[in-house]
Amino acid sequence: NGYYLSNPDDFFNFCTLYQETYDTLRIINSELIIAVSFQYEILNGNMQWDLLNAFDNKLDVICLTTYPDLFNSDYKELPSDYYSVLENIENTPIIFTEIGWQGKNNNAGEKLQAEFLIDFVTQNDGINVELIVWSLLHDWEGGGAFETMGLIDLSGRKKEAWNIWVEIF
């Protein structure tokens, strides 16, 4: 869906290429799981759910990335049913290829990161989610939005969200 936003005129050419590639890969290996990834906040915020149909039922799973804090500055503004639209996806498994929340190396930031993880798991309970991958194990020295996204800080200290992750998974 990011490609759709940046190249709407070429998006359906991409979909055709994907479908042809899917068919070829299916001949080579019938057990291979084939999909593309969508960014959840953009997909949902722009009501782009119809884009999934452009892949002509050739998505073995629906892969999503989600970083709500990059799109919503205040955790309290997130609705308690933030992921509820996923309940409408019944026949295709969902894989979260990346989830994350910045754990801004202070007690408040790390607490929000932990709360997000608990809420994320709670909200997706009962939805056909097969796999969840936290984006970064360790914080990143490169700066920017992902600098404090890790479950472990740069000194090796495990954040509160790490303990929750280990307990849940």
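The values are calculated or read from the model by the stated rules, or taken from the named source; none is laboratory data. Being a predicted model, the structure only gives us computed values, none of them experimental. Every residue, glycine as well, gets a Cβ built from its backbone with ideal geometry; the counts of neighbours run over all protein chains shown. Ligands, DNA and RNA are excluded from the accessible area calculation, which covers all protein heavy atoms including side chains. Shrake-Rupley method; radii C 1.70, N 1.55, O 1.52, S 1.80 Å.
Per residue, the chain exposes 56 Å² of accessible surface when a 1.4 Å probe is rolled over the protein heavy atoms with every protein chain present. Build a GNM of the chain with springs between Cα atoms under 10 Å apart, and of SER80, SER37, SER135 the one that fluctuates most is SER80.
Under conditions of 25 °C and 0.890 mPa s, the chain yields 141 µm² s⁻¹ as its translational diffusion coefficient, taking Rh as the Kirkwood radius over Cα pairs in the Stokes-Einstein equation.
Quick one: if the Förster radius is 35 Å, what FRET efficiency do ASP9 and ILE168 give, using the C-beta to C-beta distance and rounding to 0.05? E between ASP9 and ILE168, to the nearest 0.05, is 0.25. Against the empirical curve 2.2 N^0.38 Å, the C-alpha radius of gyration of the range 33-86 lands at a ratio of 1.26. A straight chain from ASN57 to LYS158 at 0.36 nm per residue would run longer than the Cα-Cα distance by 32.2 nm.
Each stretch of four or more DSSP H residues adds -39500 (n - 2.57); spread over every residue of the chain, this sum gives -10000 deg cm²/dmol at 222 nm. When the solvent-accessible area of the chain is split by element, carbon and sulfur atoms take up 50 percent of it, the probe being 1.4 Å. Between the alpha-carbon centres of the range 107-169 and the range 22-89 there is a gap of 20 Å. Helix 11-28 and the longest principal axis of the C-alpha atoms of the chain enclose an angle of approximately 80°. Using C-alpha pairs under 8 Å with a sequence gap of at least 6, the mean separation divided by the residue count of the range 1-107 gives a relative contact order of 27 percent.
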